[in-house]
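The values are calculated or read from the model by the stated rules, or taken from the named source; none is laboratory data. Values in this document were obtained by computation on a predicted structure and should not be read as measured data. Please note: Cβ atoms are built from the backbone with ideal geometry, for glycine as well, and neighbour counts cover all protein chains shown. Protein only, heavy atoms only, side chains kept; ligands, DNA and RNA dropped before computing areas. Shrake-Rupley method; radii C 1.70, N 1.55, O 1.52, S 1.80 Å.
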Amino acid sequence: KIQEAVNVVSFYFEPVPGEKDTLPPFHAGQHLPVTIRLDAHCHTLERSYSLSNSPNNDNQYYRISVKRDPFGAGSKFLHDHVQVGDILTVRSPAGDFGYKSLSPQQVPQKTLVLISSGIGITPLLSTLHNYVENIRKDNYESSAMADRLYWIYSTTDSSHHPFQEEVERLVGMAKGKVKTHIAYTRPKQHDSGYDSAVRLNSSQINTLIPDLGMDANVFLCGSLNFIEDMRVGLEEIGVPASQIHSEDF
């Protein structure tokens, strides 16, 4: 259990000793269905949280990263009550959001763009892990992977910015194939590590990636309003609707 930001905590799940040696595999972008037992009377909630770790860990553990929602019973219980050593019931990872779900016709020859805001970072972080690890293992093939990746992330300020060091470490291992842009909407006076103090929009994306268009796949993750604004704007600057993939939080 690790605090990633002022309102985000990561939970690591390992197999129960004596039951299984490994966990079912997953691919970047999938989510983990979790059963949350609220009390001794067996009142439960079923919630799904995106997996935020690399899918290439020999199936040894899962990581979910949960934003505390003041109105969300599930996230509040996880933050306030679940401790290291507790046993939770989870089902196999599910979902088809992510790079691996693309058909061969959709795989770009040039550009993969990952755009997220807030806790929408989680499934795209798993995708970034997978991309960088394939590069490091010399599994890079233009027919199977994009030639370059853009990581674009928006949050309020540094205290609400999870995984900053983790992303920087991955970018440093990517052999120059990953470029980043971090936007804070309300940076504090002493904040650093961000590139712009704005709310992201498609015109800014177009400035960052001037040749964005037919050869790109764009993955969006964040609030519904964020996704819809981005989707409309990206289509206006020439990205085909079939190459914009999204999941709202």
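One table, with the values for the structure above:
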read-out	value
For the chain, the longest site-free run once trypsin sites (Lys or Arg not before Pro) in DSSP loop states with at most 14 other Cβ atoms within 10 Å are removed	21-90
Protein-only accessible surface order, largest first, of SER48, SER126, SER158, SER196 at 1.4 Å	SER48, SER158, SER196, SER126
P(r) weight above 16 Å for the range 168-224, C-alpha pairs, percent	59 percent
Derived scalar couplings ³J(HN,Hα) [the range 121-131; Karplus, 6.51 cos²θ - 1.76 cosθ + 1.60; whole Hz; x for Gly, Pro]	5, 5, x, 6, 5, 4, 5, 4, 3, 4, 4
Neighbour net charge for LYS20 - beta-carbon separation under 15 angstrom, K R +1, D E -1	-3
The range 91-97 - phi-based ³J(HN,Hα) in whole Hz, Karplus 6.51/-1.76/1.60, Gly and Pro as x	9, 4, x, 9, x, 10, 8
Amide H contacts of THR180 (H built 1.01 Å from N, under 5 Å, at least 5 apart or other chain)	TRP151
11 Å beta-carbon shell around LYS1, net charge (K/R +1, D/E -1)	-1
DSSP bridge pairs, the chain: antiparallel proportion in percent, nearest 5	45 percent
Integer Hz, Karplus 6.51/-1.76/1.60 couplings in order for the range 195-211, x for Gly and Pro	9, 8, 10, 8, 8, 4, 9, 5, 5, 5, 4, 5, 5, 5, 10, x, 9
Local net charge near GLY176, Cβ-Cβ under 13 Å (Lys/Arg +1, Asp/Glu -1)	+4
Cut-off under 5 Å, modelled amide H: who pairs with SER246 long-range	LEU220
Over the chain: Rg over Rh, Cα atoms, Kirkwood Rh	0.97
